[in-house]
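Structure, as structure tokens:
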Amino acid sequence: INADDFGYSYERDIGIIESYDKGIITCASLLVNGRTSFENSPTLKRALLLNLPLGLHLNFTEGIPIAPISTVSSLIQNFNESNNNNNNNNNNNNNSKFQMRGKFGFRKALEEKEIDLNHIIIETNAQIKQFEKLTGYKPKHIDGHQHIHILPELTITLAQLFQQNQIQSIRIPNHLIDKQIILSNNDINFNSNQLIFKSNVENQANNAKLIYLEKGFKINSHFIGLYLGGSNSNLNLTLQIIEELIYQIQIEIIN
């Protein structure tokens with residue numbers, strides 16, 4: 001059981017560490033450009049002391065890139081060369097000039113062919129190297145922040161990069177345990193745009209799964225979080241979904 005977003009904030013880090021310490025999760029994925037992903041970060045040091053297995057949470061949408069700004073400029077929101085006076089000092093998360101485009105901004109730019117695939121390659125390699133610098137080892141599993149690794153414009157390029165870096169497994173948002181439970185809950189409502197986005201992610205996941213499997217990667221059997229998340233998160237629903245997951249796994253084993 002993997003938990004992503006390690007390195008996003010101290011609050012999330014502490015929750016992940018406690019979950020691992022109590023045997024609730026078995027691994028996590030690290031957001032290497034996150035606010036708490038830096039050398040001597042107390043939560044990262046604690047995770048490494050506990051031998052929490054970490055993979056890479058690949059990110060093209062939030063924060064500041066790891067690679068020098070001038071080499072990945074198409075990932076930057078409203079990039080202006082004249083503002084890029086110190087592109088080698090781009091890991092300052094308070095520098096709002098060089099923020100990436102965001103979940104929807106990145107997707108829109110990708111659809112409109114504003115994203116340079118060479119910049120995707122450069123930033124991916126930079127994040128893998130940063131992961132190794134922070135942890136002391138190379139990642140064996142990768143997942144994408146906000147599911148960017150399943151976007152049809154990127155999957156083949158990323159699959160090749162992952163192979164080159166000896167990645168073994170990829171998380172795909174498929175077999176959505178939370179979908180039926182959340183949608184049947186009368187207290188939770190999604191607007192039409194939210195439902196369209198989630199439906200698109202499901203379709204993209206199904207297509208990406210075939211590509212990653214064909215390349216020989218291991219894929220997760222279930223996923224929780226596309227429908228359960230943000231303001232919809234609560235303990236009772238989470239426990240209900242986990243119980244359903246355990247039930248489905250038992251049925252699969254019996255079959």
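Just so you know, all these numbers are worked out from the coordinates, no wet-lab data involved. It should be emphasised that the depicted structure is a prediction, and the values quoted were computed from it without experimental measurement. Cβ sites come from the backbone with ideal geometry, for glycine too, and all protein chains shown count toward neighbours.
The table below lists the values:
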| item | result |
| --- | --- |
| Positive dipole terminus of the chain, leading residue within 234, 221, 59 (C-beta point charges) | 59 |
| Within the chain, longest stretch clear of exposed trypsin sites (Lys or Arg not before Pro) (DSSP loop, no more than 12 other Cβ within 10 Å) | 114-255 |
| Using distinct alpha-carbon pairs, which all enter the 1/r mean, Kirkwood radius of the chain in Å | 19.1 Å |
| Integer Hz, Karplus 6.51/-1.76/1.60 couplings in order for segment 226-243, x for Gly and Pro | 5, 9, 8, x, x, 5, 8, 7, 7, 5, 4, 5, 4, 5, 4, 5, 5, 4 |
| Value of [θ]222 nm, deg cm²/dmol, for the chain, DSSP H segments ≥ 4, -39500 (n - 2.57) each, nearest 500 | -13500 deg cm²/dmol |
| Under-5 Å amide H pairs with residue 4, H placed in peptide plane, nonlocal only | 29 |
| Under-5 Å amide H pairs with residue 174, H placed in peptide plane, nonlocal only | 223 |
| Using θ = phi - 60° and Karplus 6.51 cos²θ - 1.76 cosθ + 1.60, couplings along segment 129-140 (whole Hz; Gly, Pro as x) | 5, 5, 4, 5, 5, 6, 9, x, 8, 7, x, 9 |
| Segment 154-198: chymotrypsin sites (Phe, Trp or Tyr not before Pro) falling in loop per DSSP and having at most 16 other Cβ within 10 Å | 190 |
| Histogram of C-alpha separations across segment 141-202, 10 Å bin width, % | 18, 43, 24, 13, 2 |
| Quarter of Cα convex hull surface for segment 167-255, i.e. mean projection, nm² | 6.9 nm² |
| Length gained when the stretch residue 79-residue 35 is fully extended (0.36 nm per residue, less Cα-Cα span) | 13.7 nm |
| Taking the chain and dividing mean pair separation by its residue count, relative contact order in percent (alpha carbons under 8 Å, at least six apart) | 16 percent |
| Efficiency of FRET between residue 26 and residue 112 - r from beta-carbon atoms, R0 45 angstrom, step 0.05 | 0.70 |
